[in-house]
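Okay, structure first, notes after.
Every read-out reported here was derived from the displayed coordinates using simple, explicitly stated rules and does not represent laboratory data. What you see is a predicted model; the values in this text were computed from it and never measured. Using ideal geometry, Cβ is built from the backbone for each residue, glycine included, and neighbour counts are taken over all protein chains shown.
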Amino acid sequence: MPYDRDVQAFHDRASDYEAGYRGRMHHDIAARTAEVALKVEPQPRRVLDVGCGTGLLLRLLAERRPDIEQLAGIDAAEGMISVANATEHDSRISFSTGVAEELPYPDDSFDLVVSTTSFDHWQDQQAGLTQCFRVLAPKGHFVLTDLFSLWLTPTLIRSHRGRARTKRRAQTLLKDAGFRTIEWHHSYALIISTVVVSK
């Protein structure tokens, strides 16, 4: 597995991913993302979470919208998927192991696609965004929450060269994937933001 996806690290952290300070932070980020997602797509029928981790965001969406028909989550770390499957008992929710660059779903499958703090770990961010665009239904929305800040510019010189860690770079990749109507929201601290785009 590619080193920059950090799959093994997330696999190892899966059992206590929702615990402690980090767990509270992830819960806050997921809750804010769910709020934004349901404002732009108030009544989604089919939802996909790319890089779903332990399934927290999908659980929050399911609780808030009992009329959602299908909620699917995919993550590269098997440990995360194991915890998600052990935690969830809502028959509408399903989880599978896989990567953003090769989403195993037909075209136009979901009217809402979401992703939180996963994008920075995708091996090929452009390919992943292109896949998200492909599986999103016409007029659907993609809600992406991750590290996007000018404060992160120094990290692009060495350790994260070529990554989309600024809003400008992310917007370029999103437009190249085919998305339109870009809208930004502040999410958490100074470096985590949410971008909403449509197909």
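The modelled label-to-label distance for the pair Y21/E78, using points 7 Å beyond Cα in the direction of Cβ, is 3.2 nm. Listed by Cβ neighbour count within 10 Å, with the fewest neighbours leading, W122, W184 appear as W184, W122. Sorting V135, V114 by the number of Cβ atoms found within 10 Å of their own Cβ, with the fewest placed first, yields V135, V114.
Calculated on the Cα set of segment 18-79, radius of gyration then Dmax: 11.7, 33 Å.
Select from segment 59-143 those GluC sites (Glu not before Pro) which occupy a DSSP coil region and have at most 14 other Cβ atoms within 10 Å, ordered by residue number. Sites meeting the loop and neighbour criteria: E69. Overall shape: oblate for segment 75-118, with the ratio a/c of the largest to smallest alpha carbon gyration tensor axis at 1.5 or above and b/c at least equal to a/b. Per-residue packing, averaged as other Cβ atoms within 10 Å, sorts the ranges 91-98, 42-49 into the order 42-49, 91-98, beginning with the highest.
With the simple model of a label 7 Å out from the Cα in the direction of the Cβ, S96 to A127 spans 1.8 nm.
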